[in-house]
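See below for the structure under consideration.
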Amino acid sequence: MTNEIILELKNIVKNYDGKKQVINNISLQIKKGETIALVGKSGCGKSTLLNILGGFECVTKGQALFNGQEIIKPTRQCVMLMQNYGLLPWKNVRKNIEFAFEGIKLAQKEQQERTDYYLGLVNLTENEKTMPNALSGGMQQRVALARALVMKPQVLLFDEPFAALDTFTRYYLQDELVKIKNEEQTTMVLVTHDIDEAIYLADRIIILNQNSGEIQKEFQVKLSIPRERASADFQYYREAIFKEFQFTQEQQTIEFNI
């Protein structure tokens, strides 16, 4: 991670229908190679904020910048992954990944080398000819991740990408993201309802306030990687974040709809 700013929000406001204010005067700087987790109760504006960063929604007021330039539309350098993997059912794993090259000029050899590399990175080399309907949910998500990575984006945006997966698959994919971050130094911003996931992956955790549409609290996660979920330091962050939502000890489980 460097000190160079790659994404910046300057006093942004987002209203819907000219009335409903979802985001109110949020400012945020994200450094190259940093991983940011956005958490908060449903309706607090997490996904809206992610859509603004990805160029899928415009701000009502303020500025959203990518490498110093105003964000006005989606680009291949800032890719979003969602719960819906978006795989083409008539194409096998390799062809789905190679679909990312459609419409761009890139030598065939380079396309093949990139596809081979990212198939290996997400441990799908042996499944390259498998059709999507024969893959588990976790494997489909890994195909979607590889398809995003072959374009060598500067930023990956995640909107609850692992929410529909079982715990063990989710843990495996979280480790995949840690590996990708270490190898690629890709900037990541993720929306998650899983507090443990936020602590495990993020350098910073941003809590959004549902009522005001503002940043309620920011946590710097100063834990070495790989992180141990059962450690006292990990639990310290967990307790501190839960306090922001005023949960009692009895209400605390691994996941919350927040």
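Only the coordinates and a few stated rules stand behind these numbers; no lab work does. Computed from a prediction, not measured in an experiment: that's the story for all the values here. Heads up, the Cβs are rebuilt from the backbone with ideal geometry, glycines too, and the neighbour counts pull from every protein chain shown.
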* Work out which helices of the chain, taken as complete DSSP H runs, extend at least 15 Å along their axis over the Cα atoms and score a mean Kyte-Doolittle of -0.5 or more, then list them. => 137-149
* Asked: How high is the FRET efficiency from ALA232 to ALA163, r the C-beta distance, R0 25 Å, rounded to 0.05?
  -> 0.35
* Structure fact -> Extension length gain for PHE99 and MET1 (0.36 nm per residue less Cα distance), in nm, is 32.3 nm
* Could you work out, for the range 1-141, what percent of all Cα-Cα pairs fall into each 5 Å distance bin, beginning at 0 Å and stopping at the bin that holds the largest distance? => 2, 8, 15, 16, 15, 14, 13, 10, 6, 2, 0
* Asked: Among THR115, THR192, THR130, which one shows the biggest mean-square fluctuation in a GNM of the chain, springs joining Cα atoms closer than 10 Å?
  -> THR130
* Asked: Gain in length, TYR172 to GLN69, computed as 0.36 nm per residue apart minus the alpha-carbon separation, to one decimal in nm?
  -> 33.5 nm
* **Given the chain, longest segment not containing exposed loop GluC sites (Glu not before Pro) (DSSP; at most 12 other Cβ within 10 Å)** => 103-227
* **Segments 134-140, 86-92, 48-54 sorted - mean Cβ within 10 Å per residue, highest first** => 48-54, 134-140, 86-92
* Structure fact -> If R0 = 22 Å, then GLN77 and LYS109, at their Cβ-Cβ distance, give a FRET efficiency to the nearest 0.05 of 0.45
* Ellipticity estimate at 222 nm from DSSP helix runs (n ≥ 4, -39,500 (n - 2.57)) divided over the chain, nearest 500 -> -9500 deg cm²/dmol
* Structure fact -> Checked against a 21 Å limit on the C-alpha separation, the offending pairs among LYS31/LYS105; LYS10/LYS46; LYS32/LYS61; LYS129/LYS179 are LYS31/LYS105; LYS32/LYS61; LYS129/LYS179
* To do: Under 1.5 on a/c is rounded, so check that first for the range 106-258, then, if it is not, pick prolate when a/b is larger than b/c and oblate when it is not; a ≥ b ≥ c are the square roots of the alpha carbon gyration tensor eigenvalues.
  => prolate
* Structure fact -> Note on the chain: contact order normalised by length, alpha-carbon pairs under 8 Å, 6 or more apart, percent, works out to 25 percent
* To do: For the range 78-152, calculate the relative contact order in percent as a whole number, restricting contacts to Cα pairs under 8 Å that are 6 or more residues apart.
  => 50 percent
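Quick check: residue separation of LYS152 and ASP17 times 0.36 nm, minus the Cα distance between them. What number comes out in nm?
Value of the extension gain: 45.0 nm.
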* Structure fact -> Here the net charge surrounding LEU87, from other residues whose Cβ is less than 13 Å away from its Cβ (Lys, Arg +1; Asp, Glu -1), is +4
* Once the Cα gyration tensor of the chain is diagonalised, semi-axes √(5λ) in Å -> 30, 23, 17
* Asked: What per residue convex hull volume, in Å³, comes out for the range 78-152 when only alpha-carbon positions are used?
  -> 88 Å³
